[in-house]
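Report on one structure; see the data block that follows.
The values are calculated or read from the model by the stated rules, or taken from the named source; none is laboratory data. Remember, predicted model here, so these are calculated numbers, not experimental data. Ideal geometry is used to build each Cβ from the backbone, glycine not excepted, and the neighbour counts take in all protein chains shown.
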Amino acid sequence: MRWAALHGLPRAFLSLRARHGEPMATLTLGRDDSAGRLRRIEEIRAAGPLAQTPAVLVSADHEICRTVLRDNDFVVANPAETGLPDVLARIVRRLDPELPNPVEAPSMLMTDPPEHTGYRKMVARSFTPRAIATLDARIDELTLELLDGLDGRREVDLVGDYAAQVPAAVISDLLGVPPTERPRILRWGNTIAPLLDIGISWAAFRGAMEELRDVEAYMQDHFRRLRAEGSDGTPFSTMAIEGGLTDRVLRANATLLVGAGVETTVNLIGNGIVALMNHPDQLALLRDDPGLWPSAIEEMLRFDSPVQMTARQASRDTEIAGVPIAQGTAVVLLLGGANRDPKVFDHPDRFDITRPNAREHLAFGSGIHVCLGAALARNEAVTALRALFDRYPDLQLRGAPEHRGLVNLNGYRRLTARLEQEAVTRTAS
Ligand code: HEM
């Protein structure tokens with residue numbers, strides 16, 4: 001029932017619209033490859049800064065996306081629920097309300113003030129500069145351990161063996177989950193990620209719901225254990241012990257950290273590897289001047305954004321850029337499209353790590369929901385990518401990168417690579 005309301009019916013409707021050539025429908029269904037996705041976004045941009053579709057308004061305009069994200073007249077909306085008829089939305093909200101779903105309240109991502117303010121303030125204690133400095137030291141250590149593990153291997157998967165391992169370990173540390181549970185964290189993230197898309201298959205939806213039940217059971221035990229054993233010193237465990245948030249809110253936000261912290265950062269690192277392999281001139285600039293790494297990460301976030309879209313809903317009759325917007329209207333904000341807005345970024349399709357204003361991207365959102373983990377994600381990416389290219393200057397990708405096939409969380413499932421030039425030469429001869 002829930003799948004039918006959230007995915008089955010919208011899929012049928014979108015398929016019909018896609019057959020009539022509506023670019024937003026085709027984009028939403030994820031039928032394009034990366035180049036096709038970018039073309040589709042340009043078709044939407046060409047339809048105007050705020051394009052009307054049968055179900056929602058949609059924008060790839062930087063100014064409009066930023067304005068909506070910062071405007072109190074707009075409240076959160078799950079992209080997967082936007083445009084649902086009221087009756088279906090009501091049914092959806094009544095089903096499975098207890099599961100710690102990162103894309104449903106009380107996850108802070110899906111909560112408006114005043115609740116949002118309180119949840120965010122509590123969870124933000126895990127992201128103070130001091131907490132991040134502690135995690136940074138772990139990222140350095142971990143990256144070296146992971147690279148040592150790759151040494152001597154002829155062929156590796158840079159996503160599974162490396163890019164995903166970094167954020168999974170960081171989130172485990174942050175939540176006080178033991179390292180032995182990292183594969184579980186990775187499985188959760190991977191299975192739950194499709195929930196941000198619309199029209200996913202029944203199998204994918206059922207898999208995600210089963211995984212959320214596992215998360216629920218695990219987190220219940222985890223917080224019970226933390227309370228029995230006392231704080232392990234991590235801000236999150238202290239918060240769980242001292243209280244301040246109910247268990248349901250804690251579980252939802254811990255699950256959000258798994259989804260938001262792992263499934264995005266793995267994409268940033270993977271997309272960054274592909275961008276640099278496709279632009280050897282930019283990689284050469286980094287070899288000459290490693291001080292460029294932070295700005296290279298901003299350009300990666302802009303050029304191939306790990307989170308492609310979000311949505312908001314008008315909480316009252318309002319207007320945006322002179323367009324009247326009725327209460328309840330959903331607006332889909334194409335962050336990846338805003339990041340290629342030619343009004344803000346010169347030659348937006350060019351990957352240029354020296355771009356002076358790359359940091360104006362909206363890859364981390366904006367306004368009150370702006371990414372809580374942005375500083376952490378930036379540090380993870382700089383450390384992981386720099387260490388990888390320093391250790392293996394002759395790294396080569398083998399075969400075509402395999403995309404995850406998701407629409408919103410944009411990144412690679414698998415990047416097969418040869419680490420040493422010598423090994424490549426030997427195989428070729
Ligand atoms: C490259 C990596 C990342 C990207 C691209 C990214 C992107 C985003 C975006 C676009 C939003 C805002 C969504 C909206 O307004 O609807 C967001 C929110 C959030 N992100 Fe990230 N994120 C990343 C990494 C992380 C990490 C590492 C963490 C935590 C460990 C994290 C935790 C969060 C949380 C908790 C929120 C919700 C904030 C709120 O609702 O107030 N993210 N992220």
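Quick one: is LEU397 at pLDDT 95 or above and within 12 Å of the ligand (Cβ to nearest atom)? In short, no.
A count restricted to the range 164-180 and to residues that are in contact with a His (Cβ under 9 Å, 6 or more places away or on another chain) and part of a helix (DSSP H, G or I) stands at 1.
How many of the residues in the range 333-357 are within 14 Å of the ligand (Cβ to nearest atom) and either touching a helix residue (DSSP H, G or I) at 6+ places or on another chain (Cβ under 6 Å) or among the hydrophobic types (A, V, I, L, M, F, W, C) (or both)? Number of matching residues: 6.
From the list LEU385, LEU333, the one residue that fits, being over 13 Å from PRO294 (Cα atoms), touching a residue at least 24 places away in the same chain (Cβ under 8 Å) and not acidic (Asp, Glu), is LEU333.
Listed here are the residues, each with its yes/no results for (1) of a type outside the set (Val, Ile, Thr); (2) touching a Ser or Thr at 6+ places or on another chain (Cβ under 9 Å).
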{"position": "ASN190", "(1), (2)": "yes, no"}
{"position": "ALA217", "(1), (2)": "yes, no"}
{"position": "PRO235", "(1), (2)": "yes, yes"}
{"position": "GLY244", "(1), (2)": "yes, no"}
{"position": "VAL274", "(1), (2)": "no, no"}
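I'd like to check something: does the range 250-265 contain any residue that is away from the ligand (no atom under 16 Å from the Cβ), aliphatic (A, V, I, L, M), in a helix (DSSP H, G or I) and surrounded by 19 or more Cβ atoms within 10 Å (Cβ to Cβ)? Looking for residues that are away from the ligand (no atom under 16 Å from the Cβ), aliphatic (A, V, I, L, M), in a helix (DSSP H, G or I) and surrounded by 19 or more Cβ atoms within 10 Å (Cβ to Cβ), one finds none in the range 250-265, hence no.
Report whether or not ASP390 is more than 16 Å from the ligand (Cβ to nearest atom), closer than 19 Å to PRO280 by Cα, in a loop (DSSP other than H, G, I, E, B) and not small (Gly, Ala, Ser). Here the answer is no, as ASP390 does not meet what is asked.
The set of residues in the range 157-174 being hydrophobic (A, V, I, L, M, F, W, C) and either surrounded by fewer than 20 Cβ atoms within 10 Å (Cβ to Cβ) or closer than 20 Å to ASP140 by Cβ (or both) consists of LEU158, ALA163, ALA164, VAL166, ALA168, ALA169, VAL170, ILE171, LEU174.
Residues being within 16 Å of the ligand (Cβ to nearest atom), among the polar types (S, T, N, Q) and part of a helix (DSSP H, G or I) are entirely absent from the range 409-420.
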